[in-house]
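Each remark here refers to the structure printed beneath this line.
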Amino acid sequence: MRQFVADRDWKQFHTRENLAKSISIEAAELLELYQWGEAPDEARVREELADVLAYCLHLADDLGVDIDELILEKIAKNESKYPVDKSRGKSDKYDRL
């Protein structure tokens, strides 16, 4: 991805703000595929999901974030907020368990 961006001289457009906006925009395009409750075309879902993930990876790279570490930290945090004995089979927010 770095090479793809470098080859096109796009780094100048990839500010953290623009990357965050692009994540939201692409996520909305993914959500739009499910808007009317029908099963969307899987190829289009994959395409939009790839866009969301690519922008997330670009932002993480710009921030110097280790993605694996970031996710493991978040899982650990969620484990304390959503203990298995209180949250199993429930979709309640942690402050309502």
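Each value in this text was obtained by applying a stated rule to the coordinates, not by laboratory testing. These figures come from a predicted structure and were not determined experimentally. Here the Cβ positions follow ideal geometry from the backbone for every residue, glycine too, while neighbour counts run over all protein chains shown.
Okay, here's what the table says:
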| read-out | value |
| --- | --- |
| Cα-based Lys pair tally, the chain, threshold under 22 Å, eight or more apart or on separate chains | 10 |
| Full-extension gain in nm, K86 to W10, via 0.36 nm per residue minus C-alpha separation | 22.7 nm |
| Whether the chain is rounded, prolate or oblate, judged on the alpha carbon gyration tensor where a/c under 1.5 counts as rounded | oblate |
| Kyte-Doolittle mean at least 0.0 and Cα axial length at least 30 Å: DSSP H helices in the chain | 42-63 |
| Dipole magnitude of the stretch 10-89, debye to nearest 20 (Cβ charges: Lys/Arg +1, Asp/Glu -1, about Cα centre) | 380 debye |
| Contour excess over end-to-end distance, with Cα ends at R46 and E73 and 0.36 nm allotted per residue | 7.0 nm |
